[in-house]
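A.B. asks: Below is the structure I would like to discuss, written out as C-alpha cells.
Every number here is computed from the coordinates shown, using simple stated rules; none is lab data. Not measured: the values here are computed from a predicted model. Glycine also receives a Cβ, built like all others from the backbone with ideal geometry; neighbour counts cover every protein chain displayed.
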Amino acid sequence: MDKINLLLADDHDVVRTGLKSFLEGQGDFEVIAEARNGAEAIELALEYRPDLVLMDVTMPDLDGLDATRRLKKIMPNCLVLALTVHEDKQYFMEMLAAGASGYITKQAAGDELISAIRTVAAGNVYLHPALARWLLNDYQQLIKQVKPKPPVGSLLDLDENQAGALLGLEVLSMRERQVLELVADGFTNQEIGHRLNLSHKTIARHRERIMKKLSLHSRTELVKFAIRTGLISP
C-alpha cells in the first residue's frame, strides 16, 4: 500500500517530533519534510511535493493562513489540513477560504487526527463536527439573506454607474469596490496593488476605509458581504 507523504508545518519542535513519531507509527504515513514557519512550508512543499501539508495556523514570519493561500495558488493540487490550538470561528472560516480541505484542533483525539488526514488525502473534506456547525449556521443565514438578482460580471469589467447599481455597494467608491472584490477573492494587499497599479500601503488604506464604511471588522465579514451583494459567488 502506498504511503501518504506528509509535510508538517509547526513552529514548535516538540510538537513536530511528537506528531512525526505518532503518524509514522500508523504504518500508512511518511513525514517527508518539516517546516518551522509558513515560508519554509511553501519552500519545502515545492521541493518535496507532499500529498498533504499538516498546517499550523499561527507561526512566525508567515502564518498558516497566508501560507495556505499562497501554496494553493502555486500548487493547487497540494492538500492542506489545518491543525491548530485555535477553536476559533474566524480562523476556521479564513482557512477554508484560503483553500484548506480540513480543520482540526490539537485538542482532538489521536484517532480523530488519523481519520482527518485519511479523509483529506482521499480528496474529501474533514471538519470537526463542533466546527462544522459554524459553517452550517452561516450557510443557513446566508440563504435567508441572499435575494435573487440578475447576473453581473466582475466589477473590474463594469463602469461606475453599473457598479453603483449593485445593492449595498452605494457607499463605496469604484476603486473601493474593486479592492473589495479582490480582497474577497483571497488576494493579498501586494497582489491587489500589482493588479491595480497601486502600492500595498494604498491598498491597506482602502481596506481600512471599506471596513469603516461598512462597519465590518474582519476579512471573513468582507467575504460574507461580497457574497450577499453578489460581488463574488459563494
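A.B. asks: Rank-order 75-83, 110-118 by packing density, defined as the average count of other C-beta atoms within 10 Å over each peptide's residues, highest first.
C.D. replies: Packing proxy ranking, top to bottom: 75-83, 110-118.
A.B. asks: Of Lys106/Lys212; Lys3/Lys106; Lys3/Lys73; Lys73/Lys106; Lys106/Lys201; Lys20/Lys73, which ones are farther than 32 Å apart at the Cα?
C.D. replies: Lys106/Lys212; Lys106/Lys201
A.B. asks: List, in order, the whole-Hz ³J(HN,Hα) value for each residue of segment 89-95 obtained from phi through the Karplus relation with A = 6.51, B = -1.76, C = 1.60 and θ = phi - 60°; use x for Gly and Pro.
C.D. replies: Running phi through 6.51 cos²θ - 1.76 cosθ + 1.60 with θ = phi - 60° gives 5, 5, 4, 4, 5, 6, 5 Hz.
A.B. asks: Could you tell me which of rounded, prolate or oblate describes segment 4-137, using a ≥ b ≥ c as the square roots of the eigenvalues of the alpha-carbon gyration tensor, with rounded for a/c under 1.5 and, failing that, prolate when a/b is larger than b/c and oblate otherwise?
C.D. replies: Rounded, because the longest to shortest axis ratio a/c is under 1.5.
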